[in-house]
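Asks: I have a structure I would like to understand better, so I am pasting it below and will then ask my questions one at a time.
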Amino acid sequence: MTALGDHVTQDFVGAAAEAHQRRNPIQPLEEVADPQSVGSEQIDGQVGDALPQLAAEDLLDADFHAGDATAVQYRVPVLFVVVNNGMYGTIRMHQERDFPARVYGTALQNPDFGLLARAYGAFGEVVERTEDFAPAFERAIESGKPAVLELRIDPEAITTRTTLSSIRAQALRSGG
């Protein structure tokens, strides 16, 4: 978050389209961007609705159906951070809680989002280690292009507070 905070201005708008996080991942940035200022707002929602919400806020072209392609075409200075754990995490978390060790239909075979971004003409990079995020973020900003940073994270770390193994173990202890 420190790398992001160094670049957040008063007109910062963050969008988090994550279904199960109890704490919005962009919340710490509110300390940098004045939440009372015009255009400095947090859009928080379910998976897949952040881009339409941004479009509705007139921040991006209302026909924002192809994210990167539209951003490249209209030179929209946007940075997408894709947090990729390779699964439908919310569903998996509930499966482990209610039906421990009975996982069904939650694994995803995702594309390389960095490569996909580059195919559209945007900046794209995959980040797999925490210490690599700040330099990748700097490169994305310095590129002057719409950008995608794909953060590949360990699926075991299902939230910032617990793991899938912990959820499963607790469910098994309680007779799940």
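The values are calculated or read from the model by the stated rules, or taken from the named source; none is laboratory data. Computed from a prediction, not measured in an experiment: that's the story for all the values here. When we count neighbours, we look across all protein chains shown, and the Cβ atoms used for this are built from the backbone with ideal geometry, even at glycine.
Asks: Taking region 139-165 as the search range and keeping residues that are more than 29 Å from TYR120 (Cβ to Cβ) and either hydrophobic (A, V, I, L, M, F, W, C) or in contact with a Cys (Cβ under 8 Å, 6 or more places away or on another chain) (or both), which one is surrounded by the fewest Cβ atoms within 10 Å (Cβ to Cβ)?
Replies: Going through the qualifying residues, I end up with ALA157.
Asks: From the set of residues in region 110-135 that are of a type in the set (Asp, Glu) and either closer than 23 Å to TYR88 by Cβ or touching a residue at least 24 places away in the same chain (Cβ under 8 Å) (or both), which is surrounded by the fewest Cβ atoms within 10 Å (Cβ to Cβ)?
Replies: Once the filter is applied, the top-ranked residue is GLU128.
Asks: Could you list all residues from region 65-107 that are free of Cβ contacts under 8 Å to residues at least 60 places away in the same chain, surrounded by fewer than 19 Cβ atoms within 10 Å (Cβ to Cβ) and of a type in the set (S, T, N, Q)? Spell out how you get there, then give the answer.
Replies: Step one: list which residues in region 65-107 are free of Cβ contacts under 8 Å to residues at least 60 places away in the same chain, which gives 65-67, 69-70, 73-74, 88, 91, 94-95, 102-107.
From the residues that got through so far, the ones that are surrounded by fewer than 19 Cβ atoms within 10 Å (Cβ to Cβ) too are 65-66, 69, 73-74, 88, 91, 94, 102-107.
If the condition is that a residue be free of Cβ contacts under 8 Å to residues at least 60 places away in the same chain, surrounded by fewer than 19 Cβ atoms within 10 Å (Cβ to Cβ) and of a type in the set (S, T, N, Q), then GLN73, THR106 are the ones that fit.
Asks: Between residues in region 151-165 that are in the same structural domain as LEU79 (by TED's automatic domain parsing) and residues that are surrounded by 15 or more Cβ atoms within 10 Å (Cβ to Cβ) and charged (D, E, K, R), which pairs lie under 7 Å by C-beta distance while being six or more apart or on different chains?
Replies: Going by the 7 Å Cβ cut-off, the qualifying pairs are LEU164/ARG92; LEU164/GLU96.
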